[in-house]
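Undergrad: Before anything else, here's the structure in question.
The values are calculated or read from the model by the stated rules, or taken from the named source; none is laboratory data. All values derive from a computational prediction rather than experimental measurement. Counting neighbours? That spans all protein chains shown, and the Cβs are built from the backbone with ideal geometry, glycine included. Accessible surface areas use protein heavy atoms only, side chains included; no ligands, DNA or RNA. Shrake-Rupley method; radii C 1.70, N 1.55, O 1.52, S 1.80 Å.
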Amino acid sequence: MLNPTASIIIPAHNGQGFLARALRSLLQQTCQDFDVVVVSDDGFDYLPLAQTMMGARARHAFTPRPHSGPATARHTGIALSQSRVMGFLDVDDEYAPRRVEKLLPLALEHGAATCNLTRIDDATRAVVNRSCPAGAPPDGIFQAKHVPWLDGPLVPFVRRDCLMDYPDLWLFEDIFFLMRVVARAGGGIPVVDDEDATYRYLIQPKSLSYGTERDELTTRMYELIIEQATRGGPLFDGAPDDARRAFLACFRLKAARNAAYVAAKAIEPDLDFQKFSPRFDADMAERIAQVPADIQPWAR
């Protein structure tokens, strides 16, 4: 395809068992005005499979060294593209069939656009939850101060002039990228709440996002975010003040929930976070009610 409007960037690490499914979800898009850039972050050559499925629309790159991380992989893919709009897809996730059709024109018009994210149990295909509750955000416009309250990061389509860097983190890099993009795109971007356009985040049994390996990393990241939200730091460069305050309030609550989880896990060693979290819902609701009204979840 010559001069597609969008490029879909797919970082791949240990993705041999997943890439075909991710690409199949792209082939099923009702709008095909895009090419695909697969970025290997494990030294494996994914190009033969990608071109078998996508033809000449598929390109391939390697990160400077294996295990460079998600930020470097995405930046490598962006550098290879000349398209006007960038989209992102993790190798073990999927696009619903109308995602490109719905988001591409909105990103061109507004600088960026996104849709709800649906978490799905990969083994059963059952819906676990969605990032934005029904009716949120207000008026369908997502603001930077809404980012920390998400139940899973939204994945935007971004016009090239509104692209921002992913911070070089191993966790939460996507929410800071989203916050930066929203701020760059004028402080608010449209959100499409349509299951036919959703991003399907497929939960794997031993994913870093849900496994026990995450616990220590999560604690360190909470401490870093709270520190920089309090005293300033590069994570919040260019962020609106209400977004910084929302991150501070939200991550203090997340840290309290995480501490409660660690304590519960000491008693129940096999307890995972997803099973524990509902136990903390009532306590979390009481704490959220004490947050200033202008930065509470989905505040106008």
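Undergrad: It is to be established whether one or more residues within the stretch 128-144 are within 20 Å of F34 (Cβ to Cβ), in a loop (DSSP other than H, G, I, E, B), in contact (Cβ under 8 Å) with a residue 12 or more places away in the chain and not aromatic (F, W, Y).
TA: Scanning the stretch 128-144 turns up no residue that is within 20 Å of F34 (Cβ to Cβ), in a loop (DSSP other than H, G, I, E, B), in contact (Cβ under 8 Å) with a residue 12 or more places away in the chain and not aromatic (F, W, Y).
Undergrad: Return the pairs, sorted by first residue and then second, in which the second residue is polar (S, T, N, Q) and open to solvent by 30 Å² or more (accessible area, probe 1.4 Å), the first residue lies in the stretch 236-255 and is without any contact (Cβ under 8 Å) to a residue 24 or more places away in the chain, the beta carbons are less than 7 Å apart, and the residues are 6+ apart or on different chains.
TA: L248/T230
Undergrad: I've got another one for you. Looking at the stretch 245-284, which of its residues are open to solvent by 30 Å² or more (accessible area, probe 1.4 Å), of a type in the set (G, A, S) and more than 30 Å from G232 (Cβ to Cβ)?
TA: A263, A266, A282
Undergrad: For the stretch 193-228: of the residues being modelled with pLDDT of 65 or more and polar (S, T, N, Q), which is most open to solvent (accessible area, probe 1.4 Å)?
TA: Checked the stretch 193-228; the qualifying residue most open to solvent (accessible area, probe 1.4 Å) is T219.
Undergrad: Checking the conditions here, which among L104, L117, L108 is surrounded by fewer than 20 Cβ atoms within 10 Å (Cβ to Cβ) and not basic (K, R)?
TA: Unique residue meeting the criteria: L108.
Undergrad: List, please: which pairs have Cβ atoms under 9 Å, are six or more places apart or on different chains, and start with a residue in the stretch 154-174 that is in a helix (DSSP H, G or I) and end with one that is among the aromatic types (F, W, Y) and open to solvent by less than 20 Å² (accessible area, probe 1.4 Å)?
TA: These pairs meet every condition: E173/Y166; D174/F88; D174/Y166.
Undergrad: Does F88 satisfy the condition of being in contact (Cβ under 8 Å) with a residue 40 or more places away in the chain and of a type in the set (F, W, Y)?
TA: yes
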